[in-house]
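Below: one structure, written as structure tokens.
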Amino acid sequence: MFREGVKIYPLASAAHPPAMTFIDSSKVPFNTVHANDFEFFSELDHVIQKEPLGFIDPELRGLAASIGIVKGKPFAPDARMKKLLTDAVAVGNATARAISFRNRDPRAPIYPDGQWMGGFVGGDYRWLGGDGMRGRDLDARTNFFYLATVNTPAMAAKIPGKGSQYALGYLDQAGAPFDGAKTYRLNVPANVPAKDFWSFVIYDPQTRSELQTSQPFPSKNSKRDTLAVNADGSVDLYIGPRAPAGKESNWVQSVPGKAWFAIFRLYGPLGPWFDKTWRPGNIEQMQ
């Protein structure tokens, strides 16, 4: 639908639209990560100067102005302010990392006895706590946006067969962070409740982008990949620096010296996901 339906051209060419050219950039490295030092505020200033005045509300514009970022004026903090802002980035980044990777909110775990965490703590894509009585849940919002970019109602809605659902894994079965030098196994039980397909992707905790390895994509999914299936219909995925013998088709590569975390996605999730009668196994370190 995208390739055949999207057409972008100058209005002057409306009578004879030129053919569309699509460029696949999925294997092209590029950086989408904001700076984790003082340069972050220069990036923010660039956006404030470039965008229309009303693209953020007066409350947020006031916060930016309090540290010297005002549309139409140069951002030129003195040495004292620059030191304060440099410290603020370090504290803010550390806080966001702690909220995301070691979330202590009792609503975050999907299962009381497992390590899978939800992306929308509180169950609302606006982070209003579900009923709005809590106000904006800022920690829950930080938990999401430190790792992700876009939120939509369909990502949090519980409508069987529609949208998508997410389970995030930061720790193994024993509660330890994932070590890129070790090998792990994830059992995906049979009859995954996904009308469209399911996927498993690993990410670099530093960049929150896909882990860069010699594989084109650090992932497996039921639509793209031919996976070996167990006798009971389940699928075992293996994550490690080398594929276990005979498990190459189900192997996702990790990198020694680097940690990783995982996201398990269901597209078109069905009832057994929502009522938790189906659940993925915990990611277990292999001996």
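The values are calculated or read from the model by the stated rules, or taken from the named source; none is laboratory data. A quick note: this is a predicted structure, and the numbers were derived from the prediction, not measured. Note that each Cβ is placed from the backbone with ideal geometry, even for glycine, and that neighbours are counted across all protein chains shown. For accessibility, only protein heavy atoms count, side chains too; no ligands or nucleic acids. Shrake-Rupley method; radii C 1.70, N 1.55, O 1.52, S 1.80 Å.
Can you name the residue in the stretch 129-150 that is in contact with a Gly (Cβ under 9 Å, 6 or more places away or on another chain) and part of a loop (DSSP other than H, G, I, E, B) and, of all such residues, is surrounded by the fewest Cβ atoms within 10 Å (Cβ to Cβ)?
Gly135
Mind telling me which of the residues Asp131, Asp172 ends up being over 21 Å from Thr95 (Cβ atoms) and at pLDDT below 90?
Asp131
Conditions: (1) farther than 25 Å from Thr142 by Cβ; (2) modelled with pLDDT under 95; (3) hydrophobic (A, V, I, L, M, F, W, C). Ala79 meets all but one. Number of the miss?
Single failed check for Ala79: (2).
Please determine, by comparing only the residues of the stretch 152-171 that are assigned to a loop (DSSP other than H, G, I, E, B) and surrounded by fewer than 20 Cβ atoms within 10 Å (Cβ to Cβ), which one is nearest to the chain's Cα centre (by Cα).
Filtering first and then ranking leaves Thr152.
Is it fair to say Val89 is touching a Phe, Trp or Tyr at 6+ places or on another chain (Cβ under 6 Å), hydrophobic (A, V, I, L, M, F, W, C), within 30 Å of Phe120 (Cβ to Cβ) and open to solvent by less than 90 Å² (accessible area, probe 1.4 Å)?
Criteria met by Val89.
Restricting to helices (runs of 4 or more DSSP H) lying wholly in the stretch 1-75: which have 2 or more residues that are modelled with pLDDT under 90 and open to solvent by 60 Å² or more (accessible area, probe 1.4 Å)?
Qualifying helices (runs of 4 or more DSSP H): 2-5.
Name, by its number, the condition in (1) without any contact (Cβ under 8 Å) to a residue 40 or more places away in the chain; (2) under 18 Å from Asn36 (Cβ atoms); (3) more than 30 Å from the chain's Cα centre (by Cα) that does not hold for Phe75.
Evaluating Phe75 over (1) without any contact (Cβ under 8 Å) to a residue 40 or more places away in the chain; (2) under 18 Å from Asn36 (Cβ atoms); (3) more than 30 Å from the chain's Cα centre (by Cα) leaves (2) as the failure.
Quick check: is even one residue across the stretch 117-126 out of contact with any helix residue (DSSP H, G or I) (no Cβ under 8 Å at 6 or more places or on another chain), aliphatic (A, V, I, L, M) and open to solvent by 50 Å² or more (accessible area, probe 1.4 Å)?
No: the stretch 117-126 contains no residue that is out of contact with any helix residue (DSSP H, G or I) (no Cβ under 8 Å at 6 or more places or on another chain), aliphatic (A, V, I, L, M) and open to solvent by 50 Å² or more (accessible area, probe 1.4 Å).
Please state which one of Pro218, Pro256, Pro241 is open to solvent by 30 Å² or more (accessible area, probe 1.4 Å) and within 18 Å of Tyr184 (Cβ to Cβ).
Every option except Pro256 fails the conditions.
Restricting to the stretch 105-116, name every residue that is part of a loop (DSSP other than H, G, I, E, B) and either open to solvent by 50 Å² or more (accessible area, probe 1.4 Å) or not charged (D, E, K, R) (or both).
Pro106, Arg107, Ala108, Ile110, Tyr111, Pro112, Asp113, Gly114, Gln115 - these are the residues of the stretch 105-116 that are part of a loop (DSSP other than H, G, I, E, B) and either open to solvent by 50 Å² or more (accessible area, probe 1.4 Å) or not charged (D, E, K, R) (or both).
Taking into account only those residues within the stretch 259-287 that are among the basic types (Lys, Arg) and surrounded by 12 or more Cβ atoms within 10 Å (Cβ to Cβ), which is nearest to Thr207 (Cα to Cα)?
Arg265
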